[in-house]
1. Would you work out which of Thr178, Ile161, Ile196 lies farthest towards the positive end of the dipole of the range 140-249, given +1 charges on the beta-carbon of Lys and Arg and -1 on that of Asp and Glu, about the Cα centre?
2. Which trypsin sites (Lys or Arg not before Pro) in the range 72-165 sit in a loop by DSSP (not H, G, I, E or B) and have at most 10 other Cβ atoms within 10 Å of their own Cβ?
3. What number results when the radius of gyration of the range 128-178, computed over Cα atoms, is divided by 2.2 N^0.38 Å?
4. Using only helices, what value at 222 nm comes out for the chain when you add -39,500 (n - 2.57) per DSSP H run of length 4 or more and divide by the total residues, to the nearest 500 deg cm²/dmol?
5. Looking at the calculated P(r) for the chain, what percent of the C-alpha pair distances fall above 28 Å?
6. Roughly how many debye, to the nearest 20, is the charge dipole of the range 118-196 about its Cα centre, given +1 on each Lys and Arg Cβ, -1 on each Asp and Glu Cβ, and no other charges?
7. Given DSSP loops and a limit of at most 14 other Cβ atoms within 10 Å, what is the longest stretch of the chain that contains no such chymotrypsin sites (Phe, Trp or Tyr not before Pro)?
8. So which GluC sites (Glu not before Pro) in the range 205-249 end up in coil per DSSP with only 14 or fewer other C-beta atoms within 10 Å?
Amino acid sequence: MSHKNSIDLQKVPQHIAIIMDGNGRWAKQQGESRIYGHYEGVNSVRDVVEGAGEVGVKYITLYAFSTENWNRPKEEVDALMELLVSTISAETPQLNKKNVRLQAIGNLDSLPPACLQELNESIDLTSKNTGLTLVLALSYSSKWELLSAVKQIAVDVKKGILSPDAISEEHIKKYLCTKQIPDPELMIRTSGEHRISNFLLWQLAYAEFYFTEKLWPDFRKEDLYEAILNYQNRERRFGKTSEQLTQTK
Ligand code: IPE
Ligand code: IPE
Ligand code: MG
């Protein structure tokens with residue numbers, strides 16, 4: 001039986017963030033080049049996005065390329081950028097068909113112009129869709145994001161628009177790339193690594209973490225459903241005691 005049937009549709013996380021890791025190791029296992037693993041990873045993206053939409057997830061953020069990933073060998077970086085352009089252009093009609101809206105977070109100006117153009121076109125072409133929002137984290141790192149938020153707040157203070165005492169969580173949120181997006185309730189990382197690698201440090205403050213040994217090219221919607229079920233069996237206490245939670249039920 002599919003895990004899908006066991007999911008409580010009233011308690012599906014509205015935002016799931018995924019660190020898609022393990023493409024290189026997957027390719028190595030097949031005796032192929034790392035780049036082959038990235039190509040195969042696209043099939044997982046397609047399936048997981050479809051699966052998320054089927055159970056009513058509202059936002060899915062995929063960590064596709066980190067600030068640190070620019071330090072990989074040039075051939076790999078170039079191949080990833082080309083894959084990004086070709087995938088976005090090939091998948092946009094399907095995104096529209098499935099009512100998926102594309103968005104992106106990160107230092108997008110650092111992407112190659114062709115890549116940025118394709119991305120912006122797809123964001124534009126899917127902007128009216130009302131189903132799942134697919135957020136690609138590209139040239140993204142949380143420290144970069146927080147640093148740029150701090151700089152913008154400092155400018156407001158300098159201009160006299162904002163007093164240091166008045167700075168609140170809301171001001172910080174306003175300057176994050178995710179200002180329009182609710183914080184993820186669930187963060188999934190594939191490939192057995194137990195770290196967040198500079199991903200959404202602020203936004204994941206109270207997220208539930210789910211780690212799986214599966215390498216990203218092997219991850220499918222059924223694995224997503226397993227993660228959602230695991231999430232649904234957790235008690236989210238937000239600092240309170242377990243008794244307090246049951247009293248208010
Ligand atoms: C994740 O897979 C994809 C990106 C970071 C772009 P990796 O390429 O990190 O695969 P491993 O971790 O080396 O197996
Ligand atoms: C994190 O994976 C970034 C993405 C999935 C895009 P990495 O494979 O780059 O992370 P580290 O370097 O092993 O922490
Ligand atoms: Mg990796």
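1. Of Thr178, Ile161, Ile196, it is Ile161.
2. Lys128
3. 1.43
4. -14000 deg cm²/dmol
5. Working: 11104 of 30876 pairs.
When every Cα pair of the chain is considered, 36 percent fall beyond 28 Å.
6. Here the range 118-196 has a charge dipole of around 240 debye.
7. Details: sites that count: Tyr206, Phe238.
Here the longest run is 1-205.
8. Those that pass, being in a loop and sparsely packed, are Glu213, Glu235.
Since every read-out is calculated from the coordinates, none of them should be taken as a lab result. Bear in mind the structure is a predicted one, so any value in this text is a computation, not a measurement. With ideal geometry, Cβ positions are generated from the backbone for all residues, glycine too; neighbour counts draw on all protein chains shown.
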